[in-house]
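Here's the structure, in structure tokens; my notes come after.
The values are calculated or read from the model by the stated rules, or taken from the named source; none is laboratory data. None of the values given here were measured: they were computed from a predicted structure. Virtual Cβ from ideal backbone geometry, glycine too; neighbours counted across all protein chains shown.
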Amino acid sequence: MINTPNTHSPKNWGMITAFAVVAAILISGGYYVYSRLTSLSTNIATLSGQINSLEARMSSTTASLQNNISQTSNSLNNALNQQIQSSAAIAQQLGNYQQQVSTVSTTVSTLQKLSKTDSQLLEKYSKVFFLNEYYAPAQLVAVPNDYSYSDTKVLKLQNEVWPHLKQMIDDAKSSSVTMYVFSAYRSFNEQSALKSDYKVTYGSGTANSFSADQGYSEHQLGTTIDMIAPGLGGILDNFGDTKQYTWLINNAYRYGFVISYPKNNTFYVYEPWHWRFVGVKLATDLHNQGKNFYDLDQRTIDTYLVNFFDAQ
Ligand SMILES: [Zn+2]
């Protein structure tokens, strides 16, 4: 009997089994690894999908937030602009009101000034329109002796006119032109008595021509003076030939005084010594325009009443 090696011997079975076991282990391990890998890959895919989705959501949320911020910022800007515009409108309105209040208060102060200024002070007087016999200036002050020609007679002047006259006489004196007040305020009765004297001396015809009828006289206003120069012996007649007269013609307007009856006037006899206070503004305008007080119409003159006592 030949001893043929039997491939199906128990020894081979053992190896086969061992291979089979190893193969099974390898196959199942590989499968395990494969399935784990597959699962991991699935997980990674899922995670990646989630990340993508999160990114997409974040991006959309960010865009939406930016949009909201931009909208809110726009509305805030609009609200602010509206606020600014309405503030500007309110400020404008306030400005208008202030302007109106200021205009009204100016009008009120002008009216108050007018109501306190005696309208007679700028009246033109004539033989048909004259001062009431009961008229008297609101307040008179005595002209100091240094300024008065007479040592004994007390001359009086409207109290607000006096500072203008004093300044005029002082300034003239500074230019070596000395002059004195010869006559100032005269009451109706004094004027009346004076005229009676003139009538006695010269007869009524002459008296009428150089001494205004009582009441017509501007002296009753308390704003009018007769000026005299030294060396005339107390006589007014030649005052028109003096340097005092020339100085007054050139400068009196700056103090508010005008000559009422200048040379060649058609209204009354020439009275170079007779000066009336009409306010600096009117006197200056008359001087600049080469006009006389009595040449203006009363309505034009009245517009100066509010500035009557103003310094300029
Ligand atoms: Zn006079």
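Per-structure values
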| item | result |
| --- | --- |
| Count - residues of segment 143-168 that are surrounded by fewer than 20 Cβ atoms within 10 Å (Cβ to Cβ), of a type in the set (A, V, I, L, M, F, W, C) and outside any loop (DSSP other than H, G, I, E, B) | 0 |
| Search result, residues across segment 113-135 that are part of a loop (DSSP other than H, G, I, E, B) and surrounded by 15 or more Cβ atoms within 10 Å (Cβ to Cβ) | T117, D118, E123, K124, Y125, F130, L131, Y135 |
| T110, sole failed condition from (1) at pLDDT below 85; (2) in a loop (DSSP other than H, G, I, E, B) | (2) |
| Helices (runs of 4 or more DSSP H) fully within segment 202-312 counting 1 or more residues that are polar (S, T, N, Q) and modelled with pLDDT under 95 | 204-210, 298-302 |
| The lone exception for Y180 - which of (1) loosely packed, with under 15 Cβ neighbours inside 10 Å; (2) without any contact (Cβ under 8 Å) to a residue 60 or more places away in the chain it fails | (1) |
| Flag for L157 being touching a strand residue (DSSP E or B) at 6+ places or on another chain (Cβ under 8 Å) and not β-branched (V, I, T) | yes |
| Candidate set: segment 259-297, residues that are away from the ligand (no atom under 16 Å from the Cβ) and small (G, A, S); chosen: the one surrounded by the fewest Cβ atoms within 10 Å (Cβ to Cβ) | G290 |
| D310 being within 15 Å of the ligand (Cβ to nearest atom), loosely packed, with under 13 Cβ neighbours inside 10 Å and closer than 22 Å to Y185 by Cα | no |
| Pair list, Cβ < 8 Å and 6+ apart or interchain, from segment 230-252 residues that are under 14 Å from M168 (Cβ atoms) to residues that are assigned to a loop (DSSP other than H, G, I, E, B) and polar (S, T, N, Q) | Q244/T178; W247/S175 |
